[in-house]
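Structure first, commentary second.
The values are calculated or read from the model by the stated rules, or taken from the named source; none is laboratory data. It should be emphasised that the depicted structure is a prediction, and the values quoted were computed from it without experimental measurement. When we count neighbours, we look across all protein chains shown, and the Cβ atoms used for this are built from the backbone with ideal geometry, even at glycine. Note: accessible area is taken over every heavy atom of the protein model, side chains too, but ligands, DNA and RNA are not part of it. Shrake-Rupley method; radii C 1.70, N 1.55, O 1.52, S 1.80 Å.
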Amino acid sequence: MARGRSDTIFALASGEGRAGVSVIRVSGPKAHEAGRALSGALPKRRVAALRAFRDAKAQVIDEGLLLVFEAGQSFTGEDIVEFQCHGSRAVVQALLGALGEIDGLRLAAPGEFSRRAFENGRLDLTQVEALGDLIEAETEAQRKLAVSNYSGALRDYVGALRQNLLRAIALTEASIDFADEEIPEGLERQVADALSESEKALAKQIAGFEDARRIRTGIEIAIVGAP
């Protein structure tokens, strides 16, 4: 099936393997239709409801919780349903198989939910990258760094830097465009100060890059010699 933004996608949103509970997410224009096909009437938005999940032959696959989110109020910005089922491999595969039989649904590509969240304005690029780091985090330091970036720390830093540089550009353009008119004194000093602040901020960021890289990627240690 050709892939496009108008497709309805589904995938296991929780970890692979046997677990007490697994979460299967469906996102796209036919998400709510898929929820009705497998579980009957949909519950109220953002309210978990106990439902029996059935295949196309009306045979019960499992019993679990169903959650419904509307477009604009979900992770991807699209209509979403989430099936919280028992986490055995057989149950998960049966539910994925039942979803795959619904016309217009396809298995999501790796990272496609996050990509849709970015395309629909729910996340920016710094948050998408931070989300990946948070999922992969193995240490407390990695978790804290990822949470900080996901909450918008890096975005806010870049935004403030951008505004400072735009101010310097605007002041410079004003001094050129209105050179024959009276220009407030100290304009050049304001531009110099804005550039100096930006330079210091960038230098601080560059200086801390190596430490942040070590936290993010970890340190490999080789232990050599007889056991």
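If I ask for residues that are out of contact with any Ser or Thr (no Cβ under 9 Å at 6 or more places or on another chain) and at positive phi, which ones from region 89-148 would you list?
Scanning region 89-148 gives G111, G121.
Considering only residues that are over 17 Å from the mean Cα position of the chain (by Cα) and either assigned to a loop (DSSP other than H, G, I, E, B) or closer than 12 Å to Q93 by Cα (or both), look in region 2-17 and name the one that is modelled with the highest pLDDT.
Among residues in region 2-17 that are over 17 Å from the mean Cα position of the chain (by Cα) and either assigned to a loop (DSSP other than H, G, I, E, B) or closer than 12 Å to Q93 by Cα (or both), the one modelled with the highest pLDDT is D7.
Could you please let me know if V68 is among the β-branched types (V, I, T), open to solvent by 60 Å² or more (accessible area, probe 1.4 Å) and within 27 Å of N120 (Cα to Cα)? Quick ask: steps written out before the conclusion?
Numbers: among the β-branched types (V, I, T): yes; open to solvent by 60 Å² or more (accessible area, probe 1.4 Å): no; within 27 Å of N120 (Cα to Cα): yes.
When the stated conditions are applied, V68 does not pass them.
Being of a type outside the set (S, T, Y) and closer than 18 Å to G15 by Cα narrows it down to one of D79, D103, D124, D133, so name that one. Step through it out loud before you land on a result.
Numbers: D79 fails: closer than 18 Å to G15 by Cα; D103 fails: closer than 18 Å to G15 by Cα; D124 fails: closer than 18 Å to G15 by Cα.
Unique residue meeting the criteria: D133.
Checking L145 against (1) of a type outside the set (S, T, N, Q); (2) touching a residue at least 12 places away in the same chain (Cβ under 8 Å); (3) open to solvent by less than 40 Å² (accessible area, probe 1.4 Å); (4) in contact with a Lys or Arg (Cβ under 9 Å, 6 or more places away or on another chain): exactly one of these is not met. Which one?
Single failed check for L145: (3).
Please specify each residue of region 39-90 satisfying the condition of being over 26 Å from G17 (Cα atoms) and either of a type in the set (K, R) or in contact with a Cys (Cβ under 9 Å, 6 or more places away or on another chain) (or both).
K44, R45, R46, K57
Given (1) out of contact with any Gly (no Cβ under 8 Å at 6 or more places or on another chain); (2) surrounded by 11 or more Cβ atoms within 10 Å (Cβ to Cβ), where does S14 come up short, assuming only one miss?
It fails just one condition, (1).
Assuming A192 fulfils every condition listed in (1) modelled with pLDDT of 85 or more; (2) open to solvent by less than 70 Å² (accessible area, probe 1.4 Å); (3) aliphatic (A, V, I, L, M); (4) touching a helix residue (DSSP H, G or I) at 6+ places or on another chain (Cβ under 6 Å) apart from one, which condition is it?
Answer for A192: the failing condition is (4).
Within region 18-58, can you find the residues that are open to solvent by 20 Å² or more (accessible area, probe 1.4 Å), part of a loop (DSSP other than H, G, I, E, B), in contact (Cβ under 8 Å) with a residue 40 or more places away in the chain and touching a Lys or Arg at 6+ places or on another chain (Cβ under 9 Å)?
The one that is open to solvent by 20 Å² or more (accessible area, probe 1.4 Å), part of a loop (DSSP other than H, G, I, E, B), in contact (Cβ under 8 Å) with a residue 40 or more places away in the chain and touching a Lys or Arg at 6+ places or on another chain (Cβ under 9 Å): R18.
Yes or no, residue by residue, for (1) over 30 Å from F75 (Cα atoms); (2) outside any helix (DSSP H, G or I); (3) at pLDDT 85 or above:
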residue	(1), (2), (3)
N164	yes, no, yes
I176	yes, no, no
E197	yes, no, yes
R216	no, no, no
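Please pick out the residue among A117, A98, A141 that is under 15 Å from the mean Cα position of the chain (by Cα) and assigned to a helix (DSSP H, G or I). I'd like the intermediate steps shown before the answer.
Values: A98 fails: under 15 Å from the mean Cα position of the chain (by Cα); A141 fails: under 15 Å from the mean Cα position of the chain (by Cα).
That would be A117, the only listed residue that is under 15 Å from the mean Cα position of the chain (by Cα) and assigned to a helix (DSSP H, G or I).
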